[in-house]
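Written below as structure tokens is the structure these notes are about.
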Amino acid sequence: MNYDDFADLYDHQYDVYRDDLHYYARVAERSAGPLLEIGSGTGRVTAFLARRGADVVGLEPSARMIERAEARAAQDGLKVRFVQGDARTFKFETRFATVIAPFNALMHLYTPGEQLQALENIHAHLQTGGTFTFDLYVPRFGKPNTVRHEGETFHAPNGRRTDVFLVQRHDKPRQHITTEYHVDTTAPDGTLSRRHYTLTQRYYTRYEVEWLLRFAGFESPRVSGSFQGGPLEASSDVMVFTTRAL
């Protein structure tokens, strides 16, 4: 998944998302050393942790996303290191006390081979006993092959209005969900322009993740159904996993 063209819309959609920030801040406060964020995007979580004194490095494959993250950090007067790289193949001399992968970052690993390669690489960069924690959404989707508007409307100071429409296609055998975004911007004079983006994610089931982690050298994880630590239930929106490197 190439986020270079998607970076601006990503910020519009998720810059105000706050549900996970205090969870990862608590993780960072307990970290006994440097912290690595996998899939740091435009720095939403990274900057939040850095403002609270965390020694954090952001790993992100998209150069455009890193540009926006560095601009965010500079605006806040933060010194944060962002590195362009892939979860499967990145290499650092540092072994981290904590690795986090917020906001569905691992859903861009599309096959079991890619998933295991990334998890083994993360394990190799953790100190013995180091913490690995991440969240994934519970796989529930809207009506497929139907254009939907889910309330995402953005108003610009110059009077332009942008509406985000989406269509989802579900590949059940591969556990892939592909979302096609149609981003319509209407100028004050009524002129309409459209941009199109495609986002593919591979979703997980709980026990699939647990077995992958054990196979990659981690201990059996603790699984929560919220960022506040409640149990995973049928009504949960997220699965939050916490484990340690054996």
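The values are calculated or read from the model by the stated rules, or taken from the named source; none is laboratory data. Bear in mind the structure is a predicted one, so any value in this text is a computation, not a measurement. So basically every Cβ, Gly included, is an ideal-geometry build from the backbone, and we count neighbours across all protein chains shown. The area values use the complete protein model at the heavy-atom level, side chains included, leaving out ligands, DNA and RNA. Shrake-Rupley method; radii C 1.70, N 1.55, O 1.52, S 1.80 Å.
Brief remarks follow.
- Distance between the modelled labels on Thr146 and Ala74, one decimal in nanometres: 4.5 nm (7 Å Cα→Cβ projection).
- Size of charge dipole - the stretch 69-167 - debye, nearest 20, with Cβ of Lys, Arg +1 and Asp, Glu -1, no other charges: 160 debye
- For the pair Val83 and Ser235, the difference between a 0.36 nm per residue extended length and the Cα-Cα distance amounts to 51.1 nm.
- DSSP bridge pairs, the chain: antiparallel proportion in percent, nearest 5: 70 percent
- Using a probe of 1.4 Å on the protein chains alone, the accessible area found for His155 is around 140 Å².
- Dipole magnitude (debye, nearest 20) for the stretch 121-244, charges at Cβ of Lys, Arg, Asp, Glu: 240 debye
- Length released on extending from Thr185 to Asp5, taking residue separation times 0.36 nm less the Cα-Cα span: 63.2 nm
- With all protein chains in place and ligands, DNA and RNA left out, the 1.4 Å accessible area ranks Asp55, Asp76 as Asp55, Asp76, largest first.
- Solvent-accessible area, 1.4 Å probe, carbon plus sulfur percent, for the chain: 49 percent
- Take the chain with all the other protein chains still there, run a 1.4 Å probe, and you get 50 Å² of accessible area per residue.
- Around the Cα centre of the stretch 79-126, unit charges on the Cβ atoms of Lys, Arg, Asp and Glu (plus for the first two, minus for the last two) sum to a dipole of about 240 debye.
- Sorting Arg140, Arg30 on solvent-accessible area from highest to lowest, probe radius 1.4 Å, gives Arg30, Arg140.
- Summary value for the stretch 126-182: 26 percent relative contact order, contacts being C-alpha pairs under 8 angstrom separated by 6+ residues.
- As a length-normalised measure over Cα pairs under 8 Å and 6 or more apart, the relative contact order of the stretch 87-167 settles at 31 percent.
- Residues of type aspartates and glutamates that Lys91 reaches as a straight line, Cα spacing below 19 Å, ignoring anything fewer than 8 places off in the same chain: Glu37, Asp55, Glu60, Glu114, Glu120
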